[in-house]
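The values are calculated or read from the model by the stated rules, or taken from the named source; none is laboratory data. For clarity, every value in this text was computed on a predicted model and none was experimentally measured. As a convention, Cβ positions derive from the backbone with ideal geometry for all residues, glycine included, and neighbour counts pool all protein chains shown. Ligands, DNA and RNA are stripped out before the accessible areas are found, and what is left, the full protein with its side chains, is counted by its heavy atoms. Shrake-Rupley method; radii C 1.70, N 1.55, O 1.52, S 1.80 Å.
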Amino acid sequence: MKPVAIFRHTESEGPGHIAAFLEQQNIPFTLIRVDAGDAVPASPDAYAGLVFMGGPMSVNDELPWIPHSLALIRQAVEQDIPVLGHCLGGQLMAKALGGVVSRNPVKEIGWGAVQVLNNAEARNWFGDIAEFESFHWHGETFSIPDGAVRILESPYCANQAYVLDGKHLGMQCHVEMTEAMIRTWCDNGAAEIAQSASPAVQQPATILELTPRHLGRLTQVADRLYGHWIRGLRG
């Protein structure tokens with residue numbers, strides 16, 4: 001089987017739980033460390049699927065790898081190679097597919113409830129899950145690309161996830177989290193949190209206090225989403 005390509009955009013925002021999930025399913029994957037200078041492939045042909053992780057940058061920044069990532073996403077969608085995006089990754093997908101990425105009304109940082117929409121596509125991906133506590137760390141949001149279906153929302157961000165053609169999933173929230181990642185982000189992001197006046201931003205101590213309560217359930221949700229996504233992988 002061809003490997004899944006996982007694109008990392010900053011060292012602290014690695015694949016997290018999706019790497020563990022793919023290993024459990026005996027699905028090979030390749031980590032492409034964009035932050036370390038790895039080149040974005042010119043074609044998706046060597047991969048069964050593409051996974052784009054998060055990062056502190058904006059997809060609207062003039063960074064040399066962003067146009068290559070957008071082009072790669074468009075090629076993958078045209079060739080029915082499934083694409084999965086987490087936060088920045090979901091924004092990359094949205095922009096590549098004709099959507100717009102802009103400032104969200106407020107920053108979302110920490111644990112916060114998300115609601116699954118009542119439509120057939122949402123049911124395909126979430127089953128009977130109606131709501132769960134997800135992890136958030138973003139100040140921007142995406143519009144829903146033409147032809148895609150919105151499947152998830154939160155009180156502070158209307159567009160939390162969308163699906164295109166039943167196989168490409170773009171998310172604003174972070175379902176890939178591990179406890180180690182959460183601790184690292186709280187350490188690295190303490191100054192950002194201190195400077196953020198938003199009802200949707202939690203203090204590091206609160207985030208860490210809530211983690212044992214919510215992380216196990218979030219991992220179960222991630223397993224369901226990833227399990228649905230791998231059905232479309234190209235051999």
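At-a-glance table
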item	result
Matching option when the condition is at pLDDT 95 or above, over 24 Å from GLY216 (Cβ atoms), exposed (fewer than 14 other Cβ atoms within 10 Å of the Cβ) and of a type in the set (Gly, Ala, Ser), among SER43, SER69	SER43
Residues satisfying the stated conditions in segment 113-133, i.e. open to solvent by less than 10 Å² (accessible area, probe 1.4 Å) and in a helix (DSSP H, G or I)	ALA122, TRP125, PHE126
Among residues of segment 102-112, those that are open to solvent by 10 Å² or more (accessible area, probe 1.4 Å) and among the hydrophobic types (A, V, I, L, M, F, W, C), counted	2
From the options ALA194, ALA148, residue that is under 30 Å from ILE27 (Cα atoms) and hydrophobic (A, V, I, L, M, F, W, C)	ALA148
Options GLN195, GLN220, GLN202; residue that is of a type in the set (S, T, N, Q), without any contact (Cβ under 8 Å) to a residue 24 or more places away in the chain and under 21 Å from GLY139 (Cβ atoms)	GLN195
Extreme residue, surrounded by the fewest Cβ atoms within 10 Å (Cβ to Cβ), among residues of segment 1-18 that are of a type in the set (Gly, Ala, Ser) and closer than 21 Å to ASP187 by Cβ	SER12
